[in-house]
Amino acid sequence: MPEFLNILNLDAHYGDFQALYGITLHVDPGEVIAIIGANGAGKSTLMRSVSGLMKDGAEAIRFQGQKIGALRADQVAARGIALVPEGRQLFPSLSVEENLILGGQLGRKGPWSLKRIYDLFPILEERRHQPSTSLSGGQQQMVAIGRALMANPDLVMMDEISLGLAPVIIKQIYEALPGIVGQGMAAIIVEQDISKALSVSRRVYCLQEGRVSLEGASNSVSREEISRAYFGV
Ligand code: ATP
């Protein structure tokens, strides 16, 4: 298997506070993995580290055979890693379509275009000239996903995309996921909803207090193993 994303012994700090301890994980090309764990376990910090938003990790993160741990966020994005951040972080003064177009500004070639995003989430085409803030939370999440895809990444990382959304919208987004990932594009799905996480991924990692507490195939880890890894009981 060619080298894709390899993280070896990654630490992360916020000032004196250590949030990650020796994280080791990998993603194979085109693979979908899930990262689960309780509030504060370090999931977002791990996504931030890979995205070039943390200071640590210069030696610890390799992507497609090259060290990326010391790169800035824009340089990481240019290498083909896109983040759908927790809380969406859209540009509030811009329309839906302007937000999507901004996602494509790196000019990477690939299958994703405005048309394909609109095919995936037709409601966004209907709303394309509206300010992104006028959309419902679920529709804004669709814009955030679409914006990341417009970058035509090789790896997309989705941080808690179902947080705060109505179950019907979560279902809609998760039904769209197989059409998004696993066709050459790899994905890291960060999710507090364990069954959702397991249903879309090939392998799962659980974090607990900044450490990997479980790694396994999503279709074979047991409820007991997950409870132990999640809550430490
Ligand atoms: P959540 O589900 O709540 O987002 P998480 O698993 O993503 O949780 P992180 O957000 O990565 O966890 O937080 C890991 C630890 O780092 C927590 O103890 C948190 O309080 C701390 N932390 C996160 N961001 C900061 C920050 N900007 N400054 C200081 N500490 C932080």
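Bear in mind these aren't lab numbers, they're just calculated from the coordinates by the rules spelled out. No experiment lies behind these values; they were computed from the predicted model shown. We place every Cβ from the backbone using ideal geometry, glycine too, and count neighbours over all the protein chains shown.
Would you compute, from DSSP H runs of 4+ residues alone, the mean residue ellipticity of the chain at 222 nm, taking -39500 (n - 2.57) per run and dividing by the full residue count, rounded to the nearest 500? Mind showing how you got there, number by number?
On the way: 9 runs with 74 residues, N = 233.
Using -39500 (n - 2.57) per qualifying helix, the result is -8500 deg cm²/dmol.
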(message) Number of Lys pairs in the chain with C-alpha atoms less than 24 angstrom apart, excluding same-chain neighbours closer than eight positions?
(response) 8
(request) Just the number, please: percent antiparallel of the DSSP beta bridges in the chain, rounded to the nearest 5. (result) 55
(request) Starting from the amide H of LEU207, placed 1.01 Å from N in the peptide plane, find each other amide H under 5 Å away whose residue is 5 or more places distant or on another chain. (result) ILE36, GLY37, SER213
(request) Using Cα centres only, tell me the gap between region 6-36 and region 61-94 in whole Å. (result) 15
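To make sure I understand, if each residue's beta carbon is the centre and we count other beta carbons within 10 Å, what order do SER222, SER199, SER134 fall in, fewest to most? Please report the intermediate quantities before stating the final value.
Details: SER222 9, SER199 16, SER134 12.
If I rank by nearby Cβ atoms, fewest first, I get SER222, SER134, SER199.
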(message) Assuming 0.36 nm per residue, please report the length gained on full extension of the stretch ASP193 to LYS67 beyond their Cα-Cα distance.
(response) 42.2 nm
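Only Lys, Arg, Asp and Glu count, each charged at its Cβ (+1, +1, -1, -1), so figure out the dipole size of region 5-231 about its Cα centre, rounded to 20 debye. Could you put the intermediate results ahead of the total?
On the way: 22 positive and 23 negative charges, 80 e Å.
Once rounded to the nearest 20, the dipole reads 380 debye.
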(request) Compare LEU102, LEU124, LEU198 in a GNM of the chain, Cα atoms joined below 10 Å, and give the one with the largest fluctuation. (result) LEU102
(request) Return, for the Cα atoms of the chain, the radius of gyration and Dmax in Å, separated by a comma. (result) 17.0, 50
